[in-house]
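For reference, the structure is listed below as structure tokens.
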Amino acid sequence: MKHIISLLTLFLCCTSLHAQDRVVEQPAFEVRNTNTLEFQKIILNDTATIMYVDAYYRPKYWIKIVDETTLEANGKSYRIKASDGIKLNEEFWMPESGTASFRLIFPPLPKDTKTIDFIEGNDKGAFKIWGIRLDGKTPTVDFPNVKKPEKAPVLEKPELKSGIATLNGKFIGYKPGMDEELPIWVFNILTAGADQNTINVKPDGSFKLEIPLLHISNVVLSGNSVVHTRFYIKPGETTSIEINMPEICRAQSKIQSSKPSLGNKFYFTGALADINNDLANNPVEEPSFSVRSQEEYDQMMKDISTMTVDQYKTYWTEKYQKAVDQLNQLTGISDAHRQLIAMKLKHELADQLLGYRAIEYAYRQTNKIPKDSVLVNYVKPIATQDYFNFLPELLSNDPYFIYNGNAAYLLRGLQFTNFTGKEIKLEKDEKFPDNTADIARIMGTDKGFLFDMLAAQKLAASISEFRPLDEQELAKANTLNPALKEELIKMNDKLKLTIEENKKKSGYTVNRVNIADIPSEELFNAITTPYRGKVVFVDFWATWCGPCRMAMKETEPVKKEYEGKDVVFLYLAAENSPKGTWEQMIPDIKGEHYRVTAEQWEYWGKKFGINGVPSYMVVAKDGTPVHFQVGFMGVDKMKEMIDKELAK
């Protein structure tokens, strides 16, 4: 090792003594797919090209630079020769500071080279930075200038109307090697979730997507590791967006962000263009009182752990009022933008106040009391009926409600809130009682947009749980807004067709091992024993878990790659996944399936640390669990872990 270090030191010394170095300080670049790497300087001479790199990443997580890394220039590739401060092909664990510096050494470049591309391999997660300038210049971008509208943008009143929203777009500065498929999330107020759609990007950076909608909808476009934006689309109309990748990348760079702007980041035309341009190109630090860091969360939990329900209400109301005061002092934003922020703040407060049961959870966490332990001398927090007098002020009973994408979750939470002023005890498998009458009492009416959406959400929930609507539910759907009725009937008919198709499907196995009489402590071993000699990827999931289903979608292509290999995909759910729903969902999830009792699941939770779903485990060929984590690790990490065990 000392010999290797000495050779590297000699190599670096020789390059620094050889000829006259050309030094490019903080070189500009055109676009990139990462915010992790920054180039402080590049030294060029006739012996080597040395890149001084600063890395920024999560503390205690690793990054890697592979030995296939190249500089691309003038149609040629220059493969990395050495490194200093980081070992090629090895995991480099980031320190507590989240920053690190190292050098990468490449062959010399032709003296007339003006731009280079940094390509760290061809894997999906590889670092790529295009158009790094060696001539001291900055990139130029031909991007439309957003003109200020003659009239200030206003929020159009939404109406319920089914239709196809067309989204046309183009990534300016798009490069081969960037993501060709990007997720776009549409908040679905009926299902209280976010529907994932996929954008297929053409080689020139353009794309087109048609999305069925029920109303003006808030969507989130995220991809290429640097783009993340929200905007609105409308059923029956077309919205177009141009995305200025060079400016987005420049603004996010720790080094280049202080340099002159390359224009607006986004340019919208078509439906809702004025409000979209206003929101996208006039970024402000919006007032908020939501918890944004682990430190804030820990302090909040400590604060509320000893509170009464009324103290809890005052605690969050005061935080809300401070945020409102900040909003009132905010300048340079349109009235429409201000209206949206005010609505979001109201919904944040409603969400916090409806979640007063967090007091008990905080008490347990602060005092390190397990959730299944009996609390001694503890008065369970129960909100009085008067506690909920905030609802009419915070929740508008009109269609503007849906401009906030998170309103869907808020509506769902309303349906599971106890407004009675006394404790509700549910027996096993007993459903939470219908509280519509309680909400009507508080709101002073049982009519209006809010109540239509609550009724529609309940019916949609039944369909989402793979339970077709019965005659009584269909009759209820007939009383709703025609657009809601039409959408629910469409969803119901699609479900019935799916159920029939599921009867014909194969590729999944249920309860290969009879688990009925197996003790909890022996169950996991009993289930996995038939797969000895194979790598088992275990997915702990639930039918009602949106992130579980999203991750399953992402893993489908990966599973196909392992067909015919010694890899088993095992899916474990508990009784809180309704049996009928589970039976209808698993035909689309190829693999081995088990649905265990609450007692068995609880044992696994304590043994493996399953404190949420989805959770994942990798089991080696000899039956030894070698990795466990809560939350999906991403397909690249998933493949890496499986391949590692397969190779043994």
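The values are calculated or read from the model by the stated rules, or taken from the named source; none is laboratory data. Keep in mind that this is a model prediction, so the values were computed, not measured. Backbone-built Cβ (ideal geometry, glycine too); neighbour counts: all protein chains shown. Calculation scope for accessible area: heavy atoms of the full protein, side chains included, ligands and nucleic acids excluded. Shrake-Rupley method; radii C 1.70, N 1.55, O 1.52, S 1.80 Å.
For segment 199-209, 3J(HN,Hα) computed residue by residue from phi via the Karplus equation (6.51, -1.76, 1.60; θ = phi - 60°) reads 9, 9, 8, 7, x, 8, x, 8, 7, 8, 9 Hz, glycine and proline entered as x. Averaging 1/r across all pairs of distinct Cα atoms in segment 116-270 and inverting the result yields a Kirkwood radius of 17.3 Å. Sorting Ser240, Ser615 on solvent-accessible area from highest to lowest, probe radius 1.4 Å, gives Ser240, Ser615. If R0 is 41 Å, the Cβ-Cβ spacing of Thr479 and Glu150 corresponds to a FRET efficiency of close to 0.40. Computed from label points 7 Å out along Cα-Cβ, the spacing between Ser396 and Asp142 is 4.2 nm.
For the pair Gln294 and Ala526, the difference between a 0.36 nm per residue extended length and the Cα-Cα distance amounts to 79.7 nm.
A simple rule links phi to the HN-Hα coupling: the Karplus curve 6.51 cos²θ - 1.76 cosθ + 1.60 with θ = phi - 60°, which for segment 33-49 gives 10, 8, 10, 7, 9, 10, 9, 6, 6, 10, 9, 10, 8, 7, 10, 7, 10 Hz, with x for Gly and Pro. For segment 397-429, the list of trypsin sites (Lys or Arg not before Pro) that fall in a loop by DSSP and count at most 14 other C-beta atoms within 10 angstrom reads Lys422, Lys425, Lys428. Taking a point 7 Å from the Cα of Asn168 along the Cα-to-Cβ direction, the residues of segment 222-242 with backbone N closer than 20 Å to it are 231-242. Here's how it looks for Arg32: its modeled amide H is under 5 Å from those of Trp130, which are all 5 or more places away or on a different chain. Our analysis of the chain gives Rg over Rh at 0.98, with the two radii drawn from alpha carbon positions and Rh computed by the Kirkwood formula. Legend: residue pairs Lys553/Lys637; Lys458/Lys490; Lys64/Lys648; Lys503/Lys579; Lys368/Lys606, Cα-Cα distance threshold 18 Å; pairs beyond threshold, Lys64/Lys648. Loop-located trypsin sites (Lys or Arg not before Pro) across segment 532-624 with a Cβ neighbour count of 14 or fewer within 10 Å are Arg532, Lys565, with loop assigned by DSSP. Here is how the number arises for the chain: DSSP H runs of 4 or more residues each give -39500 (n - 2.57), the sum is divided by the residue count, and the result at 222 nm is -10000 deg cm²/dmol.
Dimensions of segment 242-293 from C-alpha coordinates, computed as largest minus smallest value along each principal axis and given longest first, are 37, 31, 13 Å.
A protection proxy built from the mean count of other Cβ atoms within 10 Å ranks the segments 374-383, 450-459, 52-61, most packed first, as 450-459, 52-61, 374-383. Packing order of peptides 195-202, 216-223, highest average first: 216-223, 195-202 (average count of other Cβ atoms within 10 Å over each peptide's residues).
Of Ser101, Ser257, the residue with the largest accessible area leads and the full order is Ser101, Ser257 (1.4 Å probe). Residue by residue, segment 175-183 carries 3J(HN,Hα) couplings of 10, x, x, 7, 4, 8, 10, 10, x Hz when phi is fed to the Karplus relation 6.51 cos²θ - 1.76 cosθ + 1.60 (θ = phi - 60°); x denotes Gly or Pro.
Charge dipole of the chain (Cα centre as origin; +1 on each Lys and Arg Cβ, -1 on each Asp and Glu Cβ, all else neutral): 880 debye, rounded to the nearest 20. How large is the Rg to Rh ratio of segment 225-269 when both quantities use alpha carbon positions and Rh follows Kirkwood? That ratio equals 1.09.
For segment 196-241, dividing the convex hull volume of the Cα atoms by the residue count gives 87 Å³ per residue. Test of understanding: what is the full-extension gain from Gln196 to Asn328, defined as 0.36 nm times their sequence separation minus their Cα-Cα distance? Gain on extension, Gln196 to Asn328, equals 44.0 nm. Under 20 Å of direct C-alpha separation, and excluding same-chain neighbours fewer than eight residues apart, Lys425 reaches these lysines: Lys371, Lys380.
Each label point was placed 7 Å from the Cα along the Cα-to-Cβ direction; for Thr317 and Ala461 their separation is 2.8 nm. Normalised by the number of residues in the chain, the mean separation of alpha-carbon contacts (under 8 Å, six or more apart) gives a relative contact order of 9 percent.
Take the Cα of Lys157, step 7 Å toward its Cβ, do the same at Lys490, and the gap between the two points is 2.4 nm. Span-like helix check, the chain: qualifying full DSSP H segments, with Cα axial length of 20 Å or more and mean Kyte-Doolittle of -1.0 or more, are 2-17, 335-354, 449-464, 482-502. Over segment 112-155, Cα pairs under 8 Å with separation of 6+ residues give a relative contact order of 30 percent.
For Glu640, neighbours were defined as the other residues whose beta-carbon sits under 12 Å from its Cβ, and their charges (Lys and Arg +1, Asp and Glu -1) total 0. Annotation: extensible slack from Gln20 through Asp517 equals 171.0 nm (criterion: 0.36 nm per residue apart, minus Cα-Cα distance).
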